[in-house]
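Remarks on the structure that follows.
The values are calculated or read from the model by the stated rules, or taken from the named source; none is laboratory data. The structure displayed is predicted, hence computed values, not measured ones. Cβ placement follows ideal geometry from the backbone for every residue including glycine, while neighbour counts extend to all protein chains displayed.
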Amino acid sequence: MSEHSCDVAIIGAGTAGIAAYQAAAAAGADAVLIERGPGGTTCARVGCMPSKLLIAAAEAAHAARQADLFGVRVGGVRVDGPAVMRRVRAERDRFVGAVLESVDAIPAARRLSGEARLRDARTLAIGAETLAFRSAVIATGSSPTVPEPLRGLGDRLLTTDTIFELDDLPDSLAVLGGGPVGIELAQAMARLGVAVTLIDSGTTLAGLTHPHLVEAAAEIFADAMTLLRETEIERAETAADGVLLTWRTADGRRGEGRFARVLAAAGRAPNLAALDLATAGLPLDADGMPHFDPRSLVCDGGPLLIAGDANAERPILHEASRQGTIAGRNAAALARGEAPEAPEPWTSLAMVFTHPQTARVGAPYARDATNRLVGEADFCDQGRARIEGANRGGVRVWSDRAGRLLGGEMIGPAAEHLAHILTDAISAGRSARELLDRPVYHPTVEEGLQTAFAALLRAESEA
C-alpha cells in the first residue's frame with residue numbers, strides 16, 4: 001500500500017473542488033486533489049451547459065414558428081433530432097475539455113485518481129493508497145435522485161445525467177419534477193416537437209413561489225405541454241411501446257399515460273455515502289449529512305469542510321465556486337492551526353432559463369409576513385415586451401416597512417438581467433426610492449422593474 005501525506009486533501013474535482021484546491025494552494029498549503037472520474041464538473045458535463053444548448057435549439061425552432069407575429073413568413077419547420085443532439089454533445093464536450101485541461105494543469109504529484117473513503121478523522125483510503133491530511137474539503141458533488149416508482153424501468157428511464165446521450169429525440173416524454181431543471185428540459189423538448197407531460201407533486205413551479213407568478217407560469221408553460229401539478233406517481237411499468245405511468249391528482253382522480261421515455265428531474269442528492277463519514281466521528285443527520293457551519297463550511301466534530309453540491313446548501317455553480325474558495329482558504333487555515341473565516345453569504349440568486357425566464361432573488365416570499373410590503377408589475381402591456389412579442393409574466397418585489405429591498409421573483413423577458421439588478425440593489429441595502437432615482441433607458445424591459453419599485457413606494461405610503 002502506497003502512503004502519502006498533505007496539508008489539505010480535496011475530495012472531488014468539480015467546480016467546488018477545483019476552486020478549493022486553487023485557494024488552498026494560493027494560501028501556501030500542500031494540497032492534493034482527488035477525483036474518481038469522469039470529471040469535467042456537473043455544470044459542464046450534465047448540467048448548465050448541455051441544457052442551455054438544448055434550450056438554444058428549442059428557442060430557434062420556436063422563433064421560426066412564431067415569425068408570423070412580425071409579418072415574417074417561414075416555411076414548415078423541421079427539427080432534425082439527431083443533428084440537435086449531435087451539436088449538444090459536441091459543444092458540451094468542448095466545455096468539458098476546457099475543464100479537464102484546467103485539472104490536467106495541476107502537477108501530477110498533487111493529484112490522485114480513485115474513490116476516496118475516510119479511514120479515520122485524518123486519513124483517506126484511495127484504492128491501494130492512503131493519504132494522511134491535516135484538513136480536508138468534501139466536494140464530491142451530487143447525483144440525480146430517482147423516485148421509487150420509477151426504479152426498474154431500465155434504459156427507458158432518463159436522468160439529467162443521461163438525457164444528453166440520446167441519439168435522437170423521443171416521440172413522447174414524461175418529466176417528473178417541475179423545478180428549474182425539469183421545467184427547462186420539458187419546455188425545450190416540447191418546442192423541439194416532443195409530446196411532453198410534466199408531472200409535479202408540489203404547488204410551486206420553475207423555482208417560483210409567489211402564487212400569482214406560479215399561476216402565470218403554469219398558464220405559460222401549459223401552452224407547450226401537458227402540465228399536471230399536485231400529482232403523485234403511483235405506478236410505473238414498462239410496456240411494449242415504452243412506459244405506462246399511473247398517477248393520482250390532489251383531488252383523488254386517477255390518470256394514466258404511455259410515454260416513450262420518462263425523465264426523473266426531481267432533484268439531486270449529495271454524493272456522500274461512499275466516504276463513510278461516520279468513521280471520521282462526524283455527527284450526521286437522518287439523511288447522512290454532516291452538521292456544518294454554512295458560513296465557514298467547517299463540519300462539526302472534525303477538521304473537515306464541505307462545499308458545493310455536496311452540502312446541498314445552494315447547489316448552483318456560482319455558489320459552488322465561492323464555497324470552494326472559502327473552504328480551500330479555511331482548510332489551509334485549519335492545517336496551520338488557525339481559525340477559519342466565516343464570510344456572510346451572498347444574496348441568494350437563482351434563475352431558470354425557460355422562455356420566458358424566471359428568477360428568484362434574496363429573501364423568499366412569505367405570504368403571511370406582516371412586516372413586509374410588496375410591489376408588482378406585469379409584462380402584458382410593458383412597452384419593450386410588446387415590441388418583442390414577449391409580453392407575458394410579471395414581477396413581484398418586497399421590502400421591509402422602511403423601504404429596504406429584501407427580495408423578489410419574476411417570470412418574463414430578460415429576467416436574467418433584471419434579477420442581477422435586483423440582486424445588486426439588495427446586496428447594497430438599497431431602497432425602492434433609491435432605485436427609482438436612477439435613470440432607466442426607454443424603451444427597455446428594465447422599465448418593468450421600475451414599475452414594480454413604484455408600486456412598492458405606493459404600498460409604503462399607504463401602510
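Summary of values
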| quantity | calculated |
| --- | --- |
| Residue that is surrounded by the most Cβ atoms within 10 Å (Cβ to Cβ) [pool: residues in the range 1-15 that are modelled with pLDDT under 95 and assigned to a strand (DSSP E or B)] | HIS4 |
| Residue check for SER321: among the polar types (S, T, N, Q) and out of contact with any Leu (no Cβ under 8 Å at 6 or more places or on another chain) | yes |
| Single residue of ILE55, ILE18 found to be within 26 Å of GLY389 (Cα to Cα), assigned to a helix (DSSP H, G or I) and in contact with a Ser or Thr (Cβ under 9 Å, 6 or more places away or on another chain) | ILE55 |
| Residue satisfying condition, being surrounded by 23 or more Cβ atoms within 10 Å (Cβ to Cβ), within 30 Å of ASP68 (Cα to Cα) and in contact (Cβ under 8 Å) with a residue 60 or more places away in the chain, within set ALA419, ALA385, ALA452 | ALA385 |
| Sole residue being within 30 Å of GLU409 (Cα to Cα), surrounded by fewer than 22 Cβ atoms within 10 Å (Cβ to Cβ) and among the acidic types (Asp, Glu), chosen from ASP120, ASP161 | ASP161 |
| Positions within the range 134-149 being in contact (Cβ under 8 Å) with a residue 12 or more places away in the chain, not β-branched (Val, Ile, Thr) and not in a loop (DSSP other than H, G, I, E, B), in sequence order | ARG134, SER135, ALA136, SER142, SER143, PRO144, PRO149 |
| Residues located in the range 400-434, provided they are among the hydrophobic types (A, V, I, L, M, F, W, C) and within 19 Å of GLU388 (Cβ to Cβ) | MET410, ILE411, ALA414, ALA415, LEU418, ALA419, ILE421 |
| Matching option when the condition is assigned to a strand (DSSP E or B) and either of a type in the set (Ser, Thr, Tyr) or closer than 30 Å to ARG396 by Cβ (or both), among GLU215, GLU256, GLU232 | GLU232 |
| Selection count, the range 264-287, where residues are of a type in the set (A, V, I, L, M, F, W, C), surrounded by fewer than 20 Cβ atoms within 10 Å (Cβ to Cβ) and under 17 Å from ALA139 (Cβ atoms) | 3 |
| Count of the range 259-286 residues which are of a type outside the set (S, T, N, Q) and outside any loop (DSSP other than H, G, I, E, B) | 15 |
| Subset tally (residues that are crowded, with 22+ Cβ neighbours inside 10 Å, in a loop (DSSP other than H, G, I, E, B) and among the acidic types (Asp, Glu)) for the range 288-317 | 0 |
| Residue check for SER135: more than 22 Å from the chain's Cα centre (by Cα) and either modelled with pLDDT of 95 or more or closer than 27 Å to GLY242 by Cβ (or both) | yes |
